[in-house]
Amino acid sequence: MSRYAAAAYGLCAVAVVVIGAVASALGVSASFFAATVIFLIIGVVTVAAAGRPQHWLSAAA
């Protein structure tokens with residue numbers, strides 16, 4: 001659990017810093033666009049890497 005929490009909070013912190021840097025450099029609207037693109041890419045990669053759903057095997061099998 002603690003590794004998961006550390007990774008989750010760490011990645012959130014990185015995203016906040018990166019999007020904040022984009023907002024400082026290019027403006028707020030550009031940072032929203034960048035955040036949308038980044039999260040869409042992460043979502044597509046996650047879905048592609050997940051593969052086919054695994055179903056629970058019956059105990060009788």
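Could you list, in sequence order, all residues of the range 2-28 that are over 18 Å from the mean Cα position of the chain (by Cα) and either outside any helix (DSSP H, G or I) or aromatic (Phe, Trp, Tyr) (or both)?
Gly27
Out of the residues in the range 26-54 meeting the condition of being surrounded by 10 or more Cβ atoms within 10 Å (Cβ to Cβ) and among the small types (Gly, Ala, Ser), tell me which one is modelled with the highest pLDDT.
Looking at residues that are surrounded by 10 or more Cβ atoms within 10 Å (Cβ to Cβ) and among the small types (Gly, Ala, Ser), I get Gly27.
The values are calculated or read from the model by the stated rules, or taken from the named source; none is laboratory data. Keep in mind that what you see is a predicted model, and the values were worked out from it rather than measured. Note that we place each Cβ from the backbone using ideal geometry, even for glycine, and neighbour counts take in every protein chain shown.
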